[in-house]
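Novice: Sharing a structure below in structure tokens format, with a few things to ask.
What follows draws every value from the coordinates through simple rules; no lab data is involved. None of the values given here were measured: they were computed from a predicted structure. Cβ placement follows ideal geometry from the backbone for every residue including glycine, while neighbour counts extend to all protein chains displayed.
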Amino acid sequence: MIGLCILNVSNVKEVLPAPLDSTSEAPPLSDGGFCRLYIHYQCPYAQRTWITRNYKGLQDKIKLVAIDLVNRPAWYKNKVPSLEHDNKVIGESLDVLRYLDAHFEGPALLPDDPAKREFAEELFKYTDTFYKIVTSSVKGDVVNEAGVAFDHLESALQKFEGPFFLGDLSLVDFAYIPFVERFQIFIQEVCKYDVTTGRPKLEAWIQELNKMDAYTVTKADPTFFVQNYKKRFLGAYTKLDIKVRIREGVGRCARARLIRALYSASKLYKYTTPIYPFTCVIFSSSHSTIIISVIMSYVKEVFPQPLDSTSQPPPLFDGTTRLYINYQCPYAQRVWIARNYKGLQDKIKIVPIDLANRPTWYKDKVYPQNKVPSLEHDNKVIGESLDLLRYIDANFEGPALLPNDPAKREFAEELLTYTDTFFKTVASSFKGDVVKEAGVAFDYLESALHKFEGPFFLGDISLVDFAYIPFVERFHLFIQETFKYDVTTGRPKLAKWIEELNNIDAYTVTKADPEHVIQMYKKRLLGQ
């Protein structure tokens, strides 16, 4: 039986369809009879376009097709939202907003005033920055760090007369409200801080939008997304008892302080120290065992031990998506970072392989090439790190990691092609003049980082950054230690790029042990 939800939209009852999952048949695509908007009911990116469709009164002209992203149908390969119209499909939420406004009847949602249109574009560009600032703040000082982003909105709302960003209601309001809605509730719940405090324009803006059926009927269940955000951004549980044997530890019991410990527990990743910020920690010891009872801000992902020749294989092709990696491999690290950045920790399981003592079943049953990384998904296994970066971006939800801009996509391909040359140039320099020979490769990156405005290769963060950082990270360490030369000297854009990436948890949790990197490279590249 199909589940239905009945809503009242502008006095017209709309029946929301049940989400389509892996058991569902595809609608008759491009049949000319419908314009379809593919969404997920909990997705803020999709919500942007859903609100716009409602506000323009297009419920009869644009049919909603809800997709279950957790159990997505095989016939739907796009992310959400996407719009099927005139025998083509348009994606990316901000592009769909503009398309709906330009191609369908109803109230215009961008003004003719050039100053307002220019400001609208500024605000559209800031949406990703807003999201990143707020999400990164929840593991630090929310009031001060997220406050910068909400202050930006408060200031923007003062530019024109009226309660909305451009004075009158516009696409800009629909672009922001799904995220502000979620962050306001989440921060209030988790941090006991109201983001509208001291921001009267922001408070009035939220109140005005909540008077509109076009928006309110799209609002997500607060309980669902609070729990989802806790899990996604904090890895949180309300209480946890961990029994581990302690070898060495240092701790301070205070809000937003760090507890560091090196554990010899079997489930903890043995190469890197897990770091746990705690609100409160209570220790009670019995011999060498410590029981930690915590009410905590968040817990880092616990990495499994590598599987070796004595290990049994996981239940292969059982519907679980698995990313096979080695914790020290830079090629695998590329894909690991992308998986983390897109928030796929619950959807893609990490399976580490001990390459020095690898299990025979990995080659026989999983990936005949016997390399990492590889991805088990939809009853197939895909390999090659750059291909996997593209695959994960195209086939899983989360922030898009390649832009729509053709010039940027072309430059991305150019840079991805150069990755092998970069590695070979730097690696071969170690037996010659490192400063001059490796300098050519690092100068190439420095020049590339000047092409677009922003700290990353394409301006905003992308797959290209994830493709390079594992190698730059290792070479930077190794050259500094072995040749006493800092590759960022005279390369300010490269230094800034490394600094920016080190502000991103999705990357920092994957970083290899520096001592291991240095010793391995000395042995492998210098024969020491």
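Novice: Which net charge results when you count Lys and Arg as +1 and Asp and Glu as -1 among the other residues whose beta-carbon is under 13 Å from that of Arg474?
Specialist: Residues close to Arg474 contribute a combined charge of 0.
Novice: Moving on to the next point. Sort Val180, Val435 so the one with the fewest other Cβ atoms within 10 Å of its own Cβ comes first.
Specialist: Arranged by neighbour count, lowest to highest, Val180, Val435 become Val435, Val180.
Novice: Another one. Region 402-422 to region 136-215: how many Å between their Cα centroids?
Specialist: Between the Cα centres of region 402-422 and region 136-215 lies a distance of 35 Å.
Novice: Then there is this: Positive end of the dipole of region 406-526, charges at C-beta (+1 Lys, Arg; -1 Asp, Glu), about the Cα centre: which of Ser428, Gln480, Thr510 has its Cα farthest in that direction?
Specialist: Farthest along the dipole direction, towards plus: Ser428.
Novice: Which order results if Lys363, Lys349, Lys380 are arranged by neighbouring Cβ count within 10 Å, fewest first? Mind dumping the intermediate values first?
Specialist: Working: Lys363 13, Lys349 16, Lys380 8.
The fewest-first ordering by Cβ neighbours comes to Lys380, Lys363, Lys349.
Novice: For an R0 of 56 angstrom, estimate the FRET efficiency from the Cβ-Cβ distance between Asp168 and Thr23 and round to the nearest 0.05.
Specialist: 0.80
Novice: To continue, here is another question. Multiply the residue gap between Val435 and Val148 by 0.36 nm, knock off their C-alpha separation, and tell me the result in nm, one decimal place. Display every interim value, and only then the final one.
Specialist: Values: separation 287, 0.36 × 287 = 103.32 nm, distance 4.03 nm.
So the extension gain works out to 99.3 nm.
Novice: Return the distance in nm (one decimal) between the two label points of a simple spin-label model at Asn379 and His516, each offset 7 Å from Cα along Cα→Cβ.
Specialist: 3.6
Novice: Related question: Specify which residue in the list Tyr391, Pro403, Asn379 is farthest towards the positive end of the charge dipole of region 360-425, using unit charges on the beta carbon of Lys, Arg (+1) and Asp, Glu (-1), about the Cα centre.
Specialist: Asn379
Novice: Restricting to DSSP loop positions (anything but H, G, I, E, B) with no more than 12 other Cβ atoms inside 10 Å of their own Cβ, which trypsin sites (Lys or Arg not before Pro) remain in region 29-121?
Specialist: For trypsin sites (Lys or Arg not before Pro) across region 29-121 that sit outside H, G, I, E and B with at most 12 neighbouring Cβ atoms in 10 Å, the list reads Lys77.
Novice: Then there's this: Counting other Cβ atoms within 10 Å of each Cβ, which GluC sites (Glu not before Pro) in region 150-211 have at most 11 and sit in a DSSP loop?
Specialist: Counting only loop positions with at most 11 other Cβ atoms within 10 Å, the GluC sites (Glu not before Pro) in region 150-211 are Glu161.
Novice: Here's something else I'd like to know. At a 10 Å Cβ-Cβ cut-off, how would you order Val65, Val226, Val335, Val302, fewest neighbours first?
Specialist: Val302, Val226, Val65, Val335
Novice: State the Kirkwood hydrodynamic radius of region 406-526 in Å, one decimal place, computed from all pairs of distinct Cα atoms.
Specialist: Here the Kirkwood hydrodynamic radius works out to 14.8 Å.
Novice: Right, next: Subtracting the Cα-Cα distance from 0.36 nm times the residue separation, let me have the gained length for Met212 to Glu481 in nm, one decimal.
Specialist: Stretched out fully, the Met212 to Glu481 stretch lengthens by 90.8 nm.
Novice: Mind listing which trypsin sites (Lys or Arg not before Pro) in region 181-227 are in a DSSP loop and have 13 or fewer other Cβ atoms within 10 Å?
Specialist: Lys192, Lys211
Novice: Something else: Relative contact order (percent) for region 114-232, with alpha-carbon contacts under 8 angstrom and 6 or more residues of separation?
Specialist: Relative contact order for region 114-232 comes out at 22 percent.
Novice: Can I ask one more? Return the whole-Å distance between the Cα centroid of region 13-28 and the Cα centroid of region 476-501.
Specialist: 52
Novice: Still on this structure: Give me the net charge for the shell around Tyr362: Cβ to Cβ below 14 angstrom, other residues only, Lys and Arg +1, Asp and Glu -1.
Specialist: That sum, taken over residues with Cβ under 14 Å, equals +1.
Novice: Moving to a separate point now. Where does each of 132-140, 400-408 land if you order them by average Cβ count within 10 Å, highest first?
Specialist: Highest mean packing first, the order is 132-140, 400-408.
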